[in-house]
1. Those residues that are within 18 Å of TYR41 (Cβ to Cβ) and surrounded by 18 or more Cβ atoms within 10 Å (Cβ to Cβ), I need them from segment 188-207; list them, please.
2. Just wondering, is there one or more residues in segment 189-212 that are in contact with a Pro (Cβ under 9 Å, 6 or more places away or on another chain), within 28 Å of PHE84 (Cβ to Cβ) and either part of a loop (DSSP other than H, G, I, E, B) or at pLDDT 95 or above (or both)?
3. From the list GLY49, GLY88, exactly one residue is buried (at least 20 other Cβ atoms within 10 Å of the Cβ) and either among the charged types (D, E, K, R) or assigned to a loop (DSSP other than H, G, I, E, B) (or both). Which is it?
4. Which of (1) crowded, with 18+ Cβ neighbours inside 10 Å; (2) at pLDDT 90 or above; (3) in contact with a helix residue (DSSP H, G or I) (Cβ under 9 Å, 6 or more places away or on another chain); (4) not hydrophobic (A, V, I, L, M, F, W, C) is the odd one out, the single condition GLN33 does not satisfy?
5. If I ask for residues that are touching a strand residue (DSSP E or B) at 6+ places or on another chain (Cβ under 9 Å) and free of Cβ contacts under 8 Å to residues at least 60 places away in the same chain, which ones from segment 200-247 would you list?
6. Going by what's in this entry, would ARG219 be described as on the phi < 0 side of the Ramachandran plot and at pLDDT below 95?
7. Of all residues in segment 77-121 being of a type in the set (Val, Ile, Thr) and at pLDDT 95 or above, which is farthest from the chain's Cα centre (by Cα)?
8. Scanning segment 246-288 for residues that are within 30 Å of VAL176 (Cβ to Cβ) and hydroxyl-bearing (Ser, Thr, Tyr), which turns out surrounded by the most Cβ atoms within 10 Å (Cβ to Cβ)?
Amino acid sequence: MKRLFALILSLILSLSLCACSQDAQPQDESKLQVMASCFPYYDFARAIGGEHVEPALFIAAGREVHSFEPTPLDVVRLSECDVFLYNGGESELWVEEILESAGENIAVTAAMMEHAPLLAEEFVEGMETSVHHHHHHEVDGEEHHHGHEEDGEEHHHHDHEGEELAYDEHVWTSPVVAQDLCRAICEALCTADPTHREDYEANLTAYLAELQALDEAFRSVIAEGKRTTLVFGDRFPLQYFCAEYGLTYSAAFHGCAGDTEPSLGTMKYLIDKVAEEQLPVVYTIELSSQKIANAIAETTDAKVLTFHSCQTVSRQDYDNGATYLSLMWHNVEALKEGLA
């Protein structure tokens, strides 16, 4: 399969690329071309890069990132960038093949999970556990286990029963971890474009101050809140956020679950949790059908609010200029209601 992938790719690369430029914005060749696999890294690069960078989002706004499969034209697009920022988790198994086949001209590639203290994915009480605890990828008829590698070890964790669990991938949801991710992105830009290092570092300093203000706002809301428990009638991609601020949570599914239909047991657990603790809010995440949260709200007095994981954004939010900071400040207000 890899050989076939490489053959198809080389054929596409040898053809005129005019077809893929019809829908793409014209590139400003004087700027550093930065491609990001998910929205936070796109937005961090935009803020840090400033006028010297032309960032692009590899997976279009509004697309579901967990089931994404790149097209050959996507691969061509990626092969032409100067810097590629990606997460490096199991939802991005496609990255390895693309970089192997088409990454030779990309000056700098940076896996963000290498710059975060990783947490093993949790399965808390009431959460659906019928989903796969880890992912497999089949190549040439053989099954291979993929994780994020560092020092020759895959980023996996064995729990007390010896079962292998993947690490949670949503590292940017903590504004504190986000600061380290921004430092890594700044260094990637400086490596690819050392001429403008001074500007990148100045932009980084200003942006870190904004992240610090965001962090302080969350801490203030939590300090003034009456409770520390959140319920998500949805997937839960906010483990790093809750760990940072000492919050507990219940949810229908873990962060990268493919399931959309919870069992009756899970639904009953979440409804009982909201009712017993008289929680004022049940949360959903972006691009959610809100079906589970609405069902919980119908049998309790809870209000349904969106808490943005920021992994992706709706097309409308993207077109309206949403940023990581604007979405997270929305979360500050949503959290304030939930802890009241």
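The values are calculated or read from the model by the stated rules, or taken from the named source; none is laboratory data. Note that the structure is predicted; figures quoted are calculated from it, not measured. Quick reminder, even Gly has a Cβ in these numbers, built from the backbone with ideal geometry, and neighbours come from all protein chains shown.
1. Within segment 188-207, ALA188, LEU189, CYS190, ALA192, ASP193, TYR200, ASN203, LEU204, TYR207 qualify.
2. Start the filter on segment 189-212 by keeping residues that are in contact with a Pro (Cβ under 9 Å, 6 or more places away or on another chain), which leaves 211-212.
Next, from what is left, pick out any that are within 28 Å of PHE84 (Cβ to Cβ): 211-212.
Next cut, either part of a loop (DSSP other than H, G, I, E, B) or at pLDDT 95 or above (or both) only: 211-212.
For segment 189-212, residues in contact with a Pro (Cβ under 9 Å, 6 or more places away or on another chain), within 28 Å of PHE84 (Cβ to Cβ) and either part of a loop (DSSP other than H, G, I, E, B) or at pLDDT 95 or above (or both): present.
3. None of the other options fit; the residue is GLY88.
4. The single condition GLN33 does not satisfy is (3).
5. THR229, ASP234, ARG235, CYS242, LEU247
6. So ARG219 fails the test.
7. ILE106
8. Out of the qualifying residues, it is TYR283.
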